[in-house]
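Colleague: Dumping the structure here so I can ask a few things about it.
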Amino acid sequence: MQQEDISFYDWQQKYSTHEECMSYIHSEKWPNGFICPHCENNHGYYSPKRHYYECSTCHKQTSIISGTLFENTRIPLTKWFWAIYWISSDKGGISALRLSKLIGCTWRTAYRILKILRKAMGDRDSKYKLSGIIELDDAFVGGKKTGKRGRGAGGKTSVVIACETRGQRPGFIAMQAVESVNKKTIEQFTSDHIDASSIVNTDAFRANVGVASFATHIPKVTPADMVDEWLPSVHVAIANLKRFLLGTFHGISQHFVQEYLNEFCYRFNRRFWEDQIPNRLLKLCIILKPIKSVEQEFSA
Ligand SMILES: [Zn+2]
């Protein structure tokens, strides 16, 4: 669906109050009017002050934000909405410190918002399976220097990366942080992210035989200087990832690498309609189930 392009000025004007944010969520959630999630009755009494409906049949109360990513949040909706704009628009990836200054909150709150939004991005992309002709490889990220497997692994995380090839250009990508690259993790990655009808090109690294359990595998012994010819698309994605991680996020802890991969992939996969990302992400937050584990992690 075509989404409108929007500047931050217009975005801020459009969602400048709690009421405006609520009204937007309402229109997205119930485009044809209220439907009770308990009994599917389409009539309820609205409390404008508390933003909930009471069903006229079962009398259960349903808040406008229940069942969305904003359920039970104590962070003002305006700050959520503005954060969605910034995480969507900052190509280099926005840091918690910068976001905290832009939307006026503590570093901890900004960090929490970013964590939840990155999780939402990952959830969205995990519903898509790469297909067609795919290139698969792995890389080390984090630590001081990004590199290739087997060299100076201190403080680094292995990442498995797959990329659809669309002529000369990379198509959709998927990235997964793994403990180590072995047959089992490659199998799991292929099963999670790659459609069984796909043809997957890799170098002849032993672990890559795991691909064959779930898709057609074409390994090729590749000298280091030839790797960009055999696997060009996936290396474009890896080079972009390196720039993204080095630009904003210095020395990411191993534990959090997947969050940043989620954000990177989400934006890379939508790079041809970049201006629409804020609207798409906002809509995603409304249809997504609340991410309780993340909220709980912070309230503990
Ligand atoms: Zn009802």
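The values are calculated or read from the model by the stated rules, or taken from the named source; none is laboratory data. Quick caveat: nothing in here was measured; it's all calculated off a predicted structure. Cβ placement follows ideal geometry from the backbone for every residue including glycine, while neighbour counts extend to all protein chains displayed.
Colleague: Can you run down the residue pairs with Cβ atoms below 6 Å, 6 or more apart or on separate chains, where the first is in region 55-68 and more than 16 Å from W30 (Cα to Cα) and the partner is away from the ligand (no atom under 13 Å from the Cβ)?
Modeller: Cβ pairs passing all conditions: none.
Colleague: If you take the residues in region 1-49 that are among the polar types (S, T, N, Q) and not in a loop (DSSP other than H, G, I, E, B), which one is nearest to the ligand (Cβ to nearest atom)?
Modeller: Checked region 1-49; the qualifying residue nearest to the ligand (Cβ to nearest atom) is S47.
Colleague: Let me ask another. Could you check how many residues of region 179-205 are closer than 16 Å to C265 by Cα and assigned to a strand (DSSP E or B)?
Modeller: Looking only at that region, the number is 1.
Colleague: Check region 39-53 and report whether any residue there is farther than 30 Å from C265 by Cα and among the hydrophobic types (A, V, I, L, M, F, W, C).
Modeller: Yes, because at least one residue in region 39-53 is farther than 30 Å from C265 by Cα and among the hydrophobic types (A, V, I, L, M, F, W, C).
Colleague: Condition check: closer than 27 Å to L117 by Cα and within 14 Å of the ligand (Cβ to nearest atom). Does Y52 satisfy that?
Modeller: Yes: the conditions hold for Y52.
Colleague: The conditions are (1) of a type in the set (V, I, T); (2) closer than 28 Å to Y260 by Cβ; (3) within 16 Å of the ligand (Cβ to nearest atom), and T62 fails exactly one of them. Which is it?
Modeller: (2)
Colleague: Which one of the conditions (1) at pLDDT 95 or above; (2) surrounded by fewer than 17 Cβ atoms within 10 Å (Cβ to Cβ); (3) not in a loop (DSSP other than H, G, I, E, B) does H59 fail to meet, given that it meets all the rest?
Modeller: (3)
Colleague: Please enumerate the residues belonging to region 87-113 that are under 18 Å from F264 (Cβ atoms), free of Cβ contacts under 8 Å to residues at least 40 places away in the same chain and part of a helix (DSSP H, G or I).
Modeller: The answer is A96, R98, L99, Y111, I113.
Colleague: When the residues of region 212-243 are narrowed to those that are hydrophobic (A, V, I, L, M, F, W, C) and out of contact with any strand residue (DSSP E or B) (no Cβ under 6 Å at 6 or more places or on another chain), which ends up surrounded by the most Cβ atoms within 10 Å (Cβ to Cβ)?
Modeller: L241
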